[in-house]
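Chemist: One structure coming up, written as structure tokens, with questions to follow.
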Amino acid sequence: MSTLSRRETLKTLAASGMTLAMPALVRAQSTAARVVVVGGGFGGATAARYLKMRAPDVRVTLIEPAPRFYTCPFSNLYLAGLRDWQSLGHGFDGLRAAGIEVIQASAQDVDAHGRTVTLSTGDKLAWDRLVLSPGVDMRWNALAGYDEAAAQHAPHAWKAGPQTQLLRRQLQAMPDGGTFVMVIPDNPFRCPPGPYERAALVAHYFKQHKPRSKVLLLDAKDNFSKKPLFQQGWKALYGEMVEWVGLADDGRVMSVDAQALTVRTAFGQTHRADVLNVIPPQQAGWIAQRAGVVDASGWVPVRPESFETTRAPGIYALGDATLAAPMPKSAFSANMQGKMAAAAIAAELTGQPLPPAVYANTCYSLLAPGHGISVAGVYRPEQGKMIEVPGSGGVSPLAATPAFRAAEAAHGDAWYASISADVWGA
């Protein structure tokens, strides 16, 4: 399939709201049915909105402690000074207007057998179906010396919030001629292209404000998403400012001294940073563990036809917390999974057949203002596993013109505005 036809296929899927996977609007047979959704991000908020659209009589309750959800997508632009913080935040009034009950609390425990979820307020909610979209938690101490306290000196900034703001302040305070060191984990982790976009946008900030500075990436693997495109862009835009060291060249970091801002690699080399950004290994958000739906990997195995967990009937899991490879842990993926789970739950509660599942993902990365790249794919279940549809995927061409790169950057901006409206209604 040509690059153009791949893009047209993905645009059609996205524009239709994944029509192939959605049943016609149905009315629940029982007004007593209650679905509780934990997590107000790209997966959870989407599931809540689309379930209410498809089964209006089902009582849908969204549990989210934060009054505004700040997104990891586009947070790298905030680090580079290309966006302000408030532009990343999204409230829940649009969901409330759609008839969804939004409770500002955190889920503290799940009884999968009794079908209840206990909140930080002490309230206990009964559910007929439960949707978990808890994102990721850091695996503290999986990297020697890197615990939660260490993150106050060497932020991960892999959850949008105070950590992101801390890293921004550190970059602003760093002297010209300093070194920004990023530690990148092995797969799987949230947003595979994210570290490499961050490297580019930090370099962009340095080029504007601290031109003698350097970006050093220490990576626990030798390959990563859109590698040739990133390396081409780094070189063209920033010369020798960005250095990437992969696994074969001693890029795997084994220990961190956050107060000294040093890291030690597998071959015993020590690197010192002026600003140290450690992205540690990750796992499903802890409420998934409390629900008993994670496996030994630390992630939630799901049925690709519906994203119901394989470990507890009636519980669905979405987004970064799941094992859904080759579908990546991305906002676009979570949004599509939320729509499919909503369709599956609506069908189940109303006695309809499970709709056929099809998923898509497009991930845009910005390397500089007006310079964007992307990767895309289409996925479907096959014999109980998720597969990428042959010929459906693709990346931006290496030999693209500046106009093409500028168009990709504009598409990324448009995607963020569109998906934000789709998820939160504003």
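The values are calculated or read from the model by the stated rules, or taken from the named source; none is laboratory data. Quantities reported herein were computed from a predicted structural model and do not represent experimental measurements. Methodologically, a virtual Cβ is constructed for each residue, glycine included, from the backbone with ideal geometry; neighbour enumeration extends over all protein chains shown.
Chemist: Which residues, counting only those in the range 65-123, are closer than 26 Å to residue 53 by Cβ, without any contact (Cβ under 8 Å) to a residue 40 or more places away in the chain and among the acidic types (Asp, Glu)?
Modeler: Matches in the range 65-123: none.
Chemist: Name the residues in the range 378-390 that are in contact with a strand residue (DSSP E or B) (Cβ under 9 Å, 6 or more places away or on another chain) and either modelled with pLDDT under 95 or in a strand (DSSP E or B) (or both), would you?
Modeler: Hits for the range 378-390 are 378, 379, 380, 381, 386, 387, 388.
Chemist: State whether one or more residues within the range 131-138 are among the hydrophobic types (A, V, I, L, M, F, W, C), more than 21 Å from the chain's Cα centre (by Cα) and not assigned by TED's automatic domain parsing to the domain that holds residue 201.
Modeler: The answer is no, given that none of the residues of the range 131-138 is among the hydrophobic types (A, V, I, L, M, F, W, C), more than 21 Å from the chain's Cα centre (by Cα) and not assigned by TED's automatic domain parsing to the domain that holds residue 201.
Chemist: Something else: For the range 314-326, which positions are in a loop (DSSP other than H, G, I, E, B), of a type in the set (A, V, I, L, M, F, W, C) and surrounded by fewer than 24 Cβ atoms within 10 Å (Cβ to Cβ)?
Modeler: Within the range 314-326, 325 is the sole residue that qualifies.
Chemist: Identify all residues within the range 145-163 that are in contact with a Leu (Cβ under 8 Å, 6 or more places away or on another chain), closer than 24 Å to residue 89 by Cα and surrounded by fewer than 18 Cβ atoms within 10 Å (Cβ to Cβ); write none if there are none.
Modeler: 152
Chemist: Separate question: Conditions first: (1) within 24 Å of residue 329 (Cα to Cα); (2) surrounded by fewer than 16 Cβ atoms within 10 Å (Cβ to Cβ). Residue 230 passes all but one, so which condition is the exception?
Modeler: (2)
Chemist: Identify, please: which residue in the range 85-101 is surrounded by 20 or more Cβ atoms within 10 Å (Cβ to Cβ), aliphatic (A, V, I, L, M) and within 13 Å of residue 46 (Cα to Cα) and is, among those, farthest from the chain's Cα centre (by Cα)?
Modeler: Residue satisfying both the conditions and the ranking: 100.
Chemist: Okay, moving on. Where in the range 180-278 are the strands (runs of 3 or more DSSP E), entirely inside, with at least 1 residues that are within 21 Å of the chain's Cα centre (by Cα) and modelled with pLDDT of 95 or more?
Modeler: In the range 180-278, 214-219, 275-278 are the strands (runs of 3 or more DSSP E) which contain 1 or more residues that are within 21 Å of the chain's Cα centre (by Cα) and modelled with pLDDT of 95 or more.
Chemist: Filtering the range 30-84 down to residues that are of a type in the set (Gly, Ala, Ser) and assigned to a helix (DSSP H, G or I), which residue is surrounded by the most Cβ atoms within 10 Å (Cβ to Cβ)?
Modeler: 47
Chemist: Okay, next question. On the basis of being in a loop (DSSP other than H, G, I, E, B) and surrounded by 23 or more Cβ atoms within 10 Å (Cβ to Cβ), does residue 339 make the cut?
Modeler: no
Chemist: Now a separate question. Search the range 376-394 for residues that are under 16 Å from residue 332 (Cβ atoms) and pair each with any residue that is at pLDDT 95 or above and of a type in the set (D, E, K, R) when their beta-carbon atoms are under 8 Å apart and the residues are at least 6 apart or on different chains.
Modeler: Close Cβ pairs (under 8 Å, with a partner that is at pLDDT 95 or above and of a type in the set (D, E, K, R)) amount to 377/388; 378/388; 379/388; 386/380; 389/380.
Chemist: Between a residue in the range 258-278 that is buried (at least 16 other Cβ atoms within 10 Å of the Cβ) and any residue that is acidic (Asp, Glu), which pairs come within a Cβ distance under 9 Å, given they are 6 or more apart or on different chains?
Modeler: Filtered contacts from the range 258-278: 258/147; 261/274; 263/257; 264/257; 265/250.
Chemist: Would you mind finding the one in 303, 405, 311, 380 that is surrounded by fewer than 24 Cβ atoms within 10 Å (Cβ to Cβ), basic (Lys, Arg) and under 30 Å from residue 202 (Cβ atoms)?
Modeler: Answer to the check: 405.
Chemist: May I pose another question? Consider residue 387 against the criteria (1) surrounded by 19 or more Cβ atoms within 10 Å (Cβ to Cβ); (2) within 22 Å of the chain's Cα centre (by Cα): it satisfies all of them except one. Which criterion is unmet?
Modeler: (1)
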